2 protein chains.
Amino acid sequence: MREIVTAALQMGPIQKADSRRQVVDRMIALLDQAHAAGADFAVFPELTLTTFFPRWYMEDQAEVDTWFETQMPGPETQPLFDKAKDYGIAISFGFAELTPEGRHFNTSIQTDPSGEIIARYRKVHLPGHSEYDSDRDFQHLEKRYFLPGDLGFPVYRTLGGLFGMCICNDRRWPETYRVMGLQGVEMVTLGFNTPSVNSQLPDEGLQDRLFHHRLSCQSGAYQNATWVVAVAKAGVEDGHPLFGGSLIIDPNGKIVAETQTEEDEMIIHPCDLDACTFGKTTIFDFKRHRRIEHYGLITQRTGAEPPE
Amino acid sequence: MREIVTAALQMGPIQKADSRRQVVDRMIALLDQAHAAGADFAVFPELTLTTFFPRWYMEDQAEVDTWFETQMPGPETQPLFDKAKDYGIAISFGFAELTPEGRHFNTSIQTDPSGEIIARYRKVHLPGHSEYDSDRDFQHLEKRYFLPGDLGFPVYRTLGGLFGMCICNDRRWPETYRVMGLQGVEMVTLGFNTPSVNSQLPDEGLQDRLFHHRLSCQSGAYQNATWVVAVAKAGVEDGHPLFGGSLIIDPNGKIVAETQTEEDEMIIHPCDLDACTFGKTTIFDFKRHRRIEHYGLITQRTGAEPPE
């Protein structure tokens with residue numbers, strides 16, 4: 001048994017006017033709960049430190065840059081790192097990263113129990129669009145504000161196991177999990193900010209939105225025999241609703257914990273990484289069963305091309 | 001609207017002692033039902049013509065070969081082709097194929113409404129094992145009796161749309177759907193014979209087995225914005241139970257029809273191929289969103305290799 005007591009720390013809404021300091025105080029309050037419950041590892045959402053700013057159209061790059069972090073930890077986030085270190089809890093969270101070279105990414109990091117950053121991931125599958133789209137009920141400008149991630153999907157050893165990260169829309173792409181599965185991943189963590197309404201299909205409804213979210217995360221877990229921990233930023237941000245539905249999913253694809261609110265809320269589960277072994281050595285023993293000679297199009301072709 | 005009225009024609013159990021003629025009579029009876037219900041297209045299971053013989057360990061190749069077809073159509077299956085042609089119904093079904101060169105495949109074919117075979121698929125992901133395994137409650141010797149398919153996952157034009165096939169265990173592998181999705185597939189059909197009991201995990205239970213089946217088919221449909229029609233051979237064959245759960249799934253990943261028995265049973269649905277368009281042009285517009293530069297391991301590496 002390699003049990004990692006894992007807390008998914010869902011965040012309720014963050015308004016445009018909220019400060020980093022206010023957000024970090026809320027994160028620390030959730031971390032206090034996780035510590036009280038015996039957590040080894042605590043996972044926060046995508047873009048945890050701010051509102052989901054890609055819904056706002058901005059032309060002034062200086063304004064855009066106010067949503068980004070140039071240091072991690074920086075003065076505002078140092079108290080979170082200090083608290084995690086005090087507690088000996090490894091943490092993961094997402095933020096908008098502005099590099100010294102001026103590149104912008106939708107990033108997440110993971111620390112070890114001593115508070116050191118031991119892994120970094122930059123979102124590969126940016127959803128949405130790059131120019132103002134008057135056909136949408138609201139904007140989703142991730143392709144405007146971020147570059148696609150340049151680090152791939154690294155899997156790293158920590159906490160006695162094999163961990164990987166992805167972010168939000170990445171979870172809908174089976175390639176995401178498979179690239180990590182091929183590195184033996186035992187726990188995939190991800191944060192998300194997902195509008196409760198489809199900006200291009202208002203009739204879709206919240207239940208269908210949650211269904212697609214669960215379907216993507218559960219199939220990724222099952223088909224790679226890995227834990228998946230998916231953590232929402234939820235609730236109504238300046239009039240724009242995001243859904244909750246943070247999940248802890250076992251390597252069998254079963255949901256073992258799910259949030260019930262759209263507020264700051266913890267779910268926690270003792271995740272035995274050895275529970276990955278059965279799937280990885282039987283039906284999803286890749287070495288025995290995969291047939292890469294027939295998968296070529298997956299890496300040869302970006303878009304769909306129907307036959308003549 | 002490009003509506004294909006599609007019938008999933010689940011077959012109940014076929015015993016070892018049952019003849020091809022008996023089976024074809026049952027297939028024709030189901031086809032009569034499909035015709036009466038206005039079907040354009042009728043889909044039968046994997047290895048429709050016989051019991052699921054890979055559960056039986058055989059050392060005599062002549063005995064093995066009795067389960068295979070050397071002609072398609074052959075004398076025993078010609079009446080089925082004739083009836084389908086009379087009705088103007090395109091059909092798809094699976095059978096064990098022995099080629100003139102002596103190669104053995106787990107194969108399915110599709111006809112057009114005139115009864116001509118217009119596509120052939122050979123199962124790529126063979127589950128199970130090749131030697132007798134005394135640790136299992138029962139055998140699953142597909143790797144003994146079949147070669148892995150050598151035709152990839154072709155997508156072909158028929159019935160005014162883009163169709164593809166896979167078989168049984170293929171449905172658990174996201175690569176299967178993706179390779180077809182990259183060819184614009186609008187309907188994936190598959191047959192299956194899935195034991196109700198996991199031979200390596202008897203406690204798993206039927207509900208978990210059905211959950212994994214639905215999860216795999218639904219995620220494949222959603223993530224490629226395609227219809228998926230999954231058809232069981234079900235019921236107790238010579239003491240060995242197979243589950244039912246034949247499904248018609250829309251391009252949104254929703255189950256629109258599911259069988260309720262483990263017997264010969266039809267489900268039918270008017271499948272509008274144009275319903276694929278929304279997903280294929282928005283969230284799963286591959287050309288805009290996929291990032292093949294990060295998918296390399298999927299085709300470079302067969303088995304999982306953890307980092308140092």
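The values are calculated or read from the model by the stated rules, or taken from the named source; none is laboratory data. As the structure is a computational prediction, the values presented were derived from the model and not from experiment. Cβ: placed from backbone, ideal geometry, glycine included. Neighbour counts: every protein chain shown. For accessibility, only protein heavy atoms count, side chains too; no ligands or nucleic acids. Shrake-Rupley method; radii C 1.70, N 1.55, O 1.52, S 1.80 Å.
A few points about this structure:
- Positive-end residue, segment B:3-300 charge dipole about Cα centroid, Cβ charges, pick of B:Tyr87, B:Gln218, B:Ser196: B:Gln218
- In this assembly of identical copies, the label point of A:Ala29 (Cα plus 7 Å along Cα-to-Cβ) is separated from its counterparts by 6.7 nm, sorted shortest first.
- A Gaussian network model of chain A, with springs between Cα atoms under 10 Å, assigns the largest mean-square fluctuation among A:Leu247, A:Leu273, A:Leu210 to A:Leu210.
- Residue with peak Gaussian network fluctuation, chain A [Cα springs, cutoff 10 Å], from A:Pro270, A:Pro202, A:Pro13: A:Pro202
- Other-copy label distances relative to B:Glu101, 7 angstrom Cα-Cβ extension, nm: 4.9
- Isotropically averaged projected area of segment A:1-124, using the convex hull of Cα atoms (one quarter of hull area), nm²: 8.4
- Candidate lysines - alpha carbon under 18 Å from B:Lys16, same-chain residues fewer than 8 apart omitted: B:Lys233
- Of all accessible heavy-atom area on segment A:71-206, the percent that carbon and sulfur account for (1.4 Å): 48
- Using a 7 Å projection from Cα along Cα-to-Cβ, the label point at B:Leu151 is separated from the same position in the remaining copies by 4.5 nm, smallest value first.
- Of all beta bridges that DSSP places with both ends in chain A, some 65 percent have antiparallel geometry.
- Against the compact-protein benchmark of 2.2 N^0.38 Å, the Cα-based radius of gyration of the protein assembly as shown scales to 1.00.
- Hits among aspartates and glutamates - C-alpha to C-alpha of A:Lys123 under 14 Å, sequence gap 8 or more where chains match: A:Glu46, A:Glu97, A:Glu142, A:Asp150, A:Asp170, A:Glu175, B:Glu293
- Buried between A and B is an accessible area of approximately 6200 Å², summed over both sides with a 1.4 Å probe.
- Of the chymotrypsin sites (Phe, Trp or Tyr not before Pro) in segment A:112-188, the ones in a loop by DSSP (not H, G, I, E or B) with at most 11 other beta carbons within 10 Å are A:Tyr132.
- In a DSSP loop and with at most 12 other Cβ atoms within 10 Å, the GluC sites (Glu not before Pro) in segment B:121-187 are B:Glu131.
- Listed by chain and number, the aspartates and glutamates whose C-alpha is less than 15 Å from the C-alpha of A:Lys85, apart from same-chain residues fewer than 8 away, are A:Asp32, A:Asp40, A:Asp112, A:Glu116.
- Gaussian network model of chain B, springs between alpha carbon atoms under 10 Å - residue of B:Gln200, B:Gln78, B:Gln223 with greatest fluctuation: B:Gln200
- Taken per residue, the accessible surface of the protein assembly as shown reaches 35 Å², heavy atoms only and a 1.4 Å probe.
- Chain A: relative contact order in percent, alpha carbon pairs under 8 Å with at least 6 residues between: 21
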